[in-house]
1. Looking at the square roots a ≥ b ≥ c of the eigenvalues of the Cα gyration tensor of region 172-304, which shape do they give, rounded for a/c under 1.5, prolate if a/b is larger than b/c, or oblate?
2. When Cα extents along the principal axes in Å is calculated directly from the model, which label among (i) 102, 68, 58; (ii) 87, 64, 50; (iii) 121, 60, 56 fits?
3. Using alpha-carbon positions, what is the distance between the centroids of region 160-175 and region 475-490, in Å?
4. So what are the ³J(HN,Hα) numbers for region 453-460, from phi and the Karplus equation (6.51, -1.76, 1.60; θ = phi - 60°), rounded to whole Hz, Gly and Pro as x?
5. Pull up all non-local amide H partners of residue 126: gap of 5 or more, or a different chain, and H-to-H distance under 5 Å with H placed in the peptide plane.
6. At 0.36 nm per residue, minus the direct Cα-Cα distance, what do residue 572 and residue 377 gain on full extension? Give it in nm, one decimal, please.
7. Using Cβ-Cβ distances only, list the Cys residues of the chain with no partner cysteine under 4.7 Å, sorted by number.
8. With a 1.4 Å probe and every protein chain left in place, tell me how much accessible area residue 94 has, in Å² to the nearest 10.
Amino acid sequence: MLKRVRFTFMGSLALFALSAIAPAQFQDNQSQIPSGNPANNSRSENVDFGDVDLDGDYDAVFADGGDVDQDQNRIWMNQGYDQGGTVGWFTDETSSRFPSVQDQSRDIEFADIDNDGDLDLYISNTAAIIPQSNRWWINSGTGSGFFVDETASRWVGLGGPGSSIASSQVLPSGGFLDFSCDCDFGDLDNDGDLDLVHSSYGGVFGGQVPTRLFLNDGLGFYEEFNPSGYQMPGQTVVDGQPGLWCEGTQSSNTSNSTGAFCDIASSALDIDLGDIDGDFDLDLLHGARQELPRMFENRLEENGGVLGFRDTTTEAFPSNWSTGDGHYEQEMGDLDGDGDLDIYGLNWLAGFGFNDSTMRGNGDGTFDSITTLSNSNADDNEGDFLDYDQDGDLDLFVANFSGQDKLYRNTNNGGSGFSLNFVSNGVPGSSSFIALDADACDVDQDGDTDIIVANDSGSRNIFLKNTTQTPDTHAPYIPNVEQAPDRKAGPEPTVIRAHVYDNAPYYITWYNETWVEVQVNGGAATSIPAMSSQGQIFRAELPGNLSGTITYQWFSRDEYGNTGSSAISSYDASGGSGGTVVSFCAGDITTLTGCPCFNESTNAGSGCENSTGLGALLTATGDANAVSDTLVLQAINLPPGPGLYFQGNNAVNSGNGNAFGDGLRCAGGNVKRLEVRFSNAANGFATSTTASVSAAGGVSAGQTKRYQLWYRDTASGAPCSSGFNLSNGLEITWAP
């Protein structure tokens, strides 16, 4: 997860938020970026933003070369923070930070492939001139921003058993011969690391080389996912061969959606990952230049956790979802704010008539309501979502291959539908080169979204500075949260996922600080960090040893400090392996009179009220197993001072407790002292029972014991003058 610098708008700038939002004004700013060869004026095919040195600002990288030239990919470093300059000003530092490599690059992607906390790079190349492979460039050190080429070592098993790649296609220098225009990362198998979808458009855009999937081993080494086990005899796939990673048999342009047939080979120039059907795994929207774009449903949940894909194209899309050819690109995003993904298809209609379209997602894996965008009948090449006017919804910037770049404003504004409307003169007239890509983010941290456009044929790349400086006050939203199943406590974590959306490009939302707050039996909240699975999915692992009623809530914070949250969810976790943990003898029992619990506790289920105004709450996490014994007792809502955990055989007074000090004595009969701990100023403390409540310490399988906490309370505000109090009781039945 990237470190992001938080900043707050003050003074007159904040008044912008109170006035009507002015139209966006993009300035062709040449003074803040490098100029001339070799830093600019190249054949740039792709641009991506990421904080390579973890200093809090966005740097830019470019894939150069394409079909025509062997060229050097480039990096522009943002000069804020560690560079000691001004945020939003860029300097070309390619010679010192990038490997010196000449290749035909079409795409460059940021991904933390080795889970070390910094961003690595994957470069997609085409073998149109000479045989070459895609490359792995690893961020050396921890967020240093200096990259080394590890292409030879990061591929595993290419051309060997289980690989679909013919040995003749494997290159001695590492990797395999291919024609790749776009590759995307995502946690396809829900194991906590980023896997790779490697698309191919085939030689001379032939569309006969299959897309392939590669799974991450957790350390950044990639092996092909090929459950068919089939190894192709050569470079191209033909009808009748297995679908490699997809259910069924390869069949070009198939209309079958039952899993009998699939089409995994097309002239793909762009692919996208996202959860289209609400099951929290990543599905694949597969572009195609000549053929019709396709959809592949991830079957991980349907297969009981076993990864698999099905071609559901004709089931997912309405009739005439795309026509002709020339479909260069597409994007998925929540355009109407209803919590599911919609689609923008660039040149998806009327072939080389170049009409763009949108489709509304239904959240169940299907799409409808095809709409043609006005003024879109030009040779566009790339679209990106952004909120250029800061009204909270996703607008659209379109990089044009043969003319003027364009801007569309979304009129959703919190409504139930959406409409992308052409903005006349939305971008400067100077932005009319041969544009191949554009990416958007707030490079200068002034509150609005800027754009860099990557141009071909030696034209300069363009920095479109958004001059509105309107602060983003819209929080991320988390409409869908995975329900954790009830379980027994144990060593395996509880994995949960959520959909996180924001008024920002998906590749910026990935960097949101996102976490889950967890409570056990209503106790203190613990924060668990989440990581992006990419698409709109974030993933977190809750400790498996939690026992009791577990509640959890998701939070996500953008770079401006706007924080959104989900609804609260819960599940039940027993003691594990047959053991049970039950709370009893709480201070809210009012059948007794006198000082003990005279003031009923305001913390239901806890012990009697103490000087903090609450009652001490005793909970247990872990496994109540007499052999493994991972059980941990925890108490909160305590005054400062010592406390003693103890174990008894009996439930005193049939579980209602007897008056004892300021509280109720619930555990008795052959009482055993466990451990003494000191609370840290009313925040509570925990103790492991491993040393004293294990099988060697006097418990065995099937026994039921009662546990309680005795603690000092001499502070002002204690309800009585005895000087001590007790928590609620826990009744634990130990299992083998």
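The values are calculated or read from the model by the stated rules, or taken from the named source; none is laboratory data. Keep in mind that this is a model prediction, so the values were computed, not measured. Ideal geometry is used to build each Cβ from the backbone, glycine not excepted, and the neighbour counts take in all protein chains shown. SASA here: full protein model, heavy atoms, side chains in, ligands and nucleic acids out. Shrake-Rupley method; radii C 1.70, N 1.55, O 1.52, S 1.80 Å.
1. It is rounded, given that a/c, with a ≥ b ≥ c, falls under 1.5.
2. (ii)
3. Answer, in whole Å: 41.
4. After applying 6.51 cos²θ - 1.76 cosθ + 1.60, I find 10, 8, 10, 9, 6, x, 6, 6 Hz.
5. Close amide H contacts, sequence-distant or interchain: 104, 106, 180.
6. Full extension from residue 572 to residue 377 adds 64.6 nm.
7. Those would be 181, 183, 441, since no other cysteine Cβ in the chain comes under 4.7 Å of theirs.
8. For residue 94, solvent-accessible area is about 10 Å².
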